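Here is the structure we will look at, set down as structure tokens.
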Amino acid sequence: MGDGAAINHALPTRHVAAANHAVRMELPLADRADFEDARRGFVAALSPAVVRGTAGRVVWDMGSYAFLDEECPEPVNPSLWRQAQLNAIHGLFEVVPGIYQVRGMDLSNMTIVEGREGVLVIDPLICAETAAAALALYRAHRGERGVTGLLYTHSHVDHFGGALGVIEAEDAAAGGRAPGAPQADGGTGPAEGVATGRRSGDPGEDAGRVPVLAPEGFMEHAISENVYAGTAMARRAAYMFGTGLERGPHGQVGAGLGMTVSNGTVGIVPPTIEIARTGQEETIDGIRMVFQMTPGSEAPAEMNFLFPDHRALCIAENATHNLHNIITPRGALVRDARIWSRYLGEAIDLFGEHTDALFAGHQWPRWGRERIVGYLAQQRDLYGYLHDQTLRLLNKGYVGGEIAEMLELPAGLAREWHCREYYGTVSHNVKGIYQRYMGWFDGNPAHLWPHPPEQAAARYVRAIGGAEAVLEEGRRAFEEGDYRWVAELMSHAVFADPSDRAARDLEAQALEQLAYGAENPIWRNFFLSGARELREDVRERGATPPPAMIGQLTSEQLFDVLAIRVDGPRAGGLRLCFNWVFTDLGERHLLTLSNGVLIHTADREDPDADATVLVERSALNELFAGTTPMPELLQAGRLRVEGDGAKLGELLGLLDAPDPAFAIVTP
Ligand SMILES: [Zn+2]
């Protein structure tokens, strides 16, 4: 953050200070059991805990969180401070003999299980740089063991993005047991530096290769979840993780699940062994595992698994030391709290008797059968309660915004640290559950067709008596400590006139107070990111999709991405038709434009098409990733057009670029 940020940080007002004080009095802060768990089995830490990428760029820096050693400062909710301190405990830890974790070297954990010949790596963090550093930390203390297996617990990037930091793409075994995996059906082309398009089932090819395990549907979801709405999600993720904020008592103090996200090189190695069935067993390098499928819980493709010989259970991200997100504020499809709860119950039934240690893809483990089963039962009840009670209340006619204020967790859950709102909140999760069943509309016809934000804002400001009157009411409410109302009111003033500095500043002040009082770190990051953009007139860009991920899009997904970019109003009257030939894959696709919609059909061609495009799929990946421009591809002969080349130019001219830095707090 620039120097401008250092100027006059506000302190909490008396309202927020009193609320934070009440939290301090109310919570059993003397209970240090989590700290004991978080430090148990400590082997060593990287010092300094800084990971650099190409050209020395810092991709991870735990030193920036050294301020957490202090007592909780005034501008932070004490409950959040405690969680941040726990997540800041980093290094290599022994979970049980033979199972190690590297924690605090990315948002997520890397788990390393020692086998006969080498190690099974579970969840290789977000980027190759942190993953390689984590594995190196392990090896420095446990010896130079090779990677004999890789496993992804689920399809979120913080659990696979660093795969290329622990194995080479060529080392992934072509296991021939992954019928749904893209490399087996030829649906996905090779990407630069990522897995090859090797077909499965070639005997003799596997010698010395590394099996890569993942739950059924992994590739599809890993790639698709962030593709179609990727730009918008990334922009909002920058708010959620506070990537533009300074770290410190007035800024970012973590992300609940961990400290923050690393920003190195993201890649993927497609799985070679698909886990599809609860009860399925696999043995990798002598390490036995029994799986439980949990699709549609925390992620669309996810699984828990037991190491029966270690009496250790990996619960993936289905139970963490926080209330998780049913709907994530960065934006995503809403998750199913009901089935999430059911899976946790099933995990207890399947594995409870056989588990003495529990670990997950985030945060610290838990030991002792009773403590583990009790914890899983409370997590089961947490999601079940939110689901059932939201449904009970919506069937009485309450809407999401009302239920969010009414619903409180029962005492047996509310007093547990791991049920607290360090990632999800009851408030936004309830709205997510409402949305899953009922949609955005609350049934009130007055809300069926309201004016959009700017138009509504102008009308509110006029109705209240002009910008000065709005400001006056805002200042009055600020004095009273009603920051939620100040934020809403001043947002109308800003949307009516974004050049109104007084309105922007008052909104920023209100957001800042909301942040200082927030137990939830991602709410805090949202509030502070909004305040910063209002004050400094900057916009934090979202991350662009890494080239390696574009390379893994199926052809259908690639054409979908193209279709999503077509500027409908300009394309509306045109009719275009192209045959596409992916020369390196031998694939043919028909692409037609009609009524502003780009329709894609595989294995089809039209002799009357305007043109035929002959292109290497890998060249197209580079074009999409923005690494190689069109003229260069044409010149190199990697893209050729037969027929009316001008028509292809016409189509490309209709593509509209997404905006990775779109406005959020201003119109
Ligand atoms: Zn995760």
message: Place a point 7 Å from Cα of Ala22 in the direction of its Cβ. Which residues in the stretch 408-433 have their backbone N less than 16 Å from it?
response: 408-409
- request: Multiply the residue separation of Arg570 and Arg116 by 0.36 nm, subtract the distance between their alpha-carbon atoms, and state the gained length in nm to one decimal.
  value: 157.2 nm
- prompt: If you take every DSSP beta bridge whose two residues both sit in the chain, what share of them, in percent to the nearest 5, is antiparallel?
  reply: 75
query: For the stretch 300-454, what proportion of DSSP beta bridges, expressed in % and rounded to the nearest 5, is antiparallel?
result: 65
query: So how many Å³ per residue does the convex hull of the Cα atoms of the stretch 1-159 work out to?
result: 152
query: Arg475 versus Glu170, label points 7 Å from Cα toward the beta carbon: distance in nm?
result: 7.1
- request: Compute the FRET efficiency between Ser594 and Leu11 as 1/(1 + (r/R0)^6), taking r as their Cβ-Cβ distance and R0 = 45 Å, and round to the nearest 0.05.
  value: 0.15
- request: Please sort 340-347, 71-78, 630-637 by packing, taking for each peptide the average over its residues of neighbouring beta carbons within 10 angstrom, highest first.
  value: 340-347, 71-78, 630-637
statement: Here FRET efficiency (C-beta to C-beta, Asp482 to Asp659, R₀ 22 Å, nearest 0.05) is 0.05
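For the chain, what is the calculated [θ] at 222 nm in deg cm²/dmol (nearest 500), taking -39500 (n - 2.57) for each run of four or more DSSP H residues and dividing by its residue count?
Helix contribution divided over all residues of the chain: -11000 deg cm²/dmol.
Return the inverse of the average 1/r over all pairs of distinct C-alpha atoms in the chain, which is the Kirkwood hydrodynamic radius, in Å to one decimal.
This gives a value of 26.6 Å.
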message: With only alpha-carbon atoms in the gyration tensor, what are the semi-axes of the equivalent ellipsoid for the stretch 223-282, in Å, largest first?
response: 32, 17, 11
field: Estimated FRET transfer efficiency when R0 is 60 angstrom, pair Arg640-Val538 (beta carbons, to 0.05)
entry: 0.90
- prompt: Highest mean first, what order results for 611-618, 418-425, 559-566 on Cβ atoms within 10 Å?
  reply: 418-425, 611-618, 559-566
message: What three numbers, in Å, describe the spread of the alpha carbons of the stretch 363-438 along their principal axes, ordered from the longest?
response: 43, 21, 20
- prompt: So between Glu405 and Ser499, what do we pick up on full extension, going 0.36 nm a residue minus the alpha carbon distance?
  reply: 30.5 nm
Global size of the stretch 522-629 as Cα Rg and Dmax, reported in angstrom: 18.7, 58
- request: Treating the Cα atoms of the stretch 461-587 as identical point scatterers in vacuum, please give the log10 of the normalised Debye intensity I(q)/I(0) at q = 0.18, 0.19, 0.23 Å⁻¹, two decimals.
  value: -0.93, -0.99, -1.27
- request: For the stretch 592-654, calculate the relative contact order in percent as a whole number, restricting contacts to Cα pairs under 8 Å that are 6 or more residues apart.
  value: 35
- request: Please identify which residues in the stretch 260-275 have an amide N closer than 18 Å to a label point set 7 Å out from the Cα of Arg52, following the Cα→Cβ vector.
  value: 263-265
statement: Length gained if Trp440 through Thr278 is fully extended, taking 0.36 nm per residue and subtracting the Cα-Cα distance, is 54.8 nm
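Over the chain, calculate the relative contact order: mean separation of alpha carbon pairs under 8 Å at least 6 apart, over the residue count, as a percent.
14
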query: Which order do peptides 90-102, 640-652 fall in by mean Cβ count within 10 Å, highest first?
result: 90-102, 640-652
Percent of alpha-carbon pairs separated by more than 19 Å within the stretch 574-630: 34
message: Could you tell me the relative contact order of the stretch 323-407? Use alpha-carbon pairs under 8 Å, at least six residues apart, and round to a whole percent.
response: 29
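Quick note: the coordinates plus some simple rules give every number you see, no bench work behind them. The model shown is predicted, which means the values in this text are computed figures rather than measured ones. Methodologically, a virtual Cβ is constructed for each residue, glycine included, from the backbone with ideal geometry; neighbour enumeration extends over all protein chains shown.
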